[in-house]
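> Okay, handing you the structure first.
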Amino acid sequence: QVQLVESGGGLVQPGGSLRLSCAASGNGFSIYAMAWYRQAPGKQRELVARITSGGSTQYADSVKGRFTISRDNAKNTVWLQMNSLKPEDTNVYYCNAARPMYSYWGQGTQVTVSS
């Protein structure tokens, strides 16, 4: 069982930056692929960025070059550094931990990009 708690969301102006954190508790953090998803009201949840247990990363085309996902297995934490934020990045961002047959979600953190 893994519990995930996101933090770091908030209101930021276009062009600004935010850093989201996801703290995990429970066993075996290092073997999980960790990911950030986002979901706007009435829309499907979409993958933003993912990092495997080995450190390989992938990004949605819409955030490539602006967002960076990283993890520290010793701290049981994954981060999403978001730069050059745009109004269309406004969403609830969710942290996910996954391995075969298991998937856990955090409660989400709101990111609002607006002037």
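> Among the residues of the range 85-102, write down those that are in a loop (DSSP other than H, G, I, E, B), open to solvent by 60 Å² or more (accessible area, probe 1.4 Å) and in contact (Cβ under 8 Å) with a residue 24 or more places away in the chain.
86
> Being exposed (fewer than 14 other Cβ atoms within 10 Å of the Cβ) and polar (S, T, N, Q) is the filter here, so list the residues in the range 1-21 that pass it.
Across the range 1-21, the qualifying residues are 1, 3, 7, 13, 17.
> Also, quick follow-up: If you scan the range 35-57, which residues turn out to be loosely packed, with under 12 Cβ neighbours inside 10 Å and over 14 Å from residue 70 (Cβ atoms)?
Passing the criteria: 41, 42, 43, 44.
> So residue 25 clears everything in (1) polar (S, T, N, Q); (2) modelled with pLDDT under 95; (3) under 15 Å from the mean Cα position of the chain (by Cα) except one condition, right? Which one?
(3)
> Look at residue 32 and say whether it is open to solvent by less than 40 Å² (accessible area, probe 1.4 Å), aromatic (Phe, Trp, Tyr) and either without any contact (Cβ under 8 Å) to a residue 24 or more places away in the chain or touching a Lys or Arg at 6+ places or on another chain (Cβ under 8 Å) (or both).
Against the criterion (open to solvent by less than 40 Å² (accessible area, probe 1.4 Å), aromatic (Phe, Trp, Tyr) and either without any contact (Cβ under 8 Å) to a residue 24 or more places away in the chain or touching a Lys or Arg at 6+ places or on another chain (Cβ under 8 Å) (or both)), residue 32 qualifies.
> Among the residues of the range 1-29, count how many are under 17 Å from residue 81 (Cα atoms) and either touching a residue at least 60 places away in the same chain (Cβ under 8 Å) or of a type in the set (A, V, I, L, M) (or both).
18
Residues checked against (1) at pLDDT 95 or above; (2) closer than 23 Å to residue 107 by Cβ; (3) of a type in the set (Val, Ile, Thr); (4) more than 14 Å from the chain's Cα centre (by Cα):
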site	(1), (2), (3), (4)
1	no, yes, no, yes
16	yes, no, no, yes
35	yes, yes, no, no
40	no, yes, no, yes
70	yes, yes, no, no
89	yes, yes, no, no
94	yes, yes, no, no
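> Also: Scan (1) of a type outside the set (Phe, Trp, Tyr); (2) in a strand (DSSP E or B); (3) more than 13 Å from residue 3 (Cα to Cα) for the single condition residue 53 breaks and write down its number.
(2)
The values are calculated or read from the model by the stated rules, or taken from the named source; none is laboratory data. In this text the structure is predicted, and so the values were computed from the model without any measurement. Cβ: placed from backbone, ideal geometry, glycine included. Neighbour counts: every protein chain shown. The accessibility values were calculated without ligands, DNA or RNA, using every heavy atom of the protein model including side chains. Shrake-Rupley method; radii C 1.70, N 1.55, O 1.52, S 1.80 Å.
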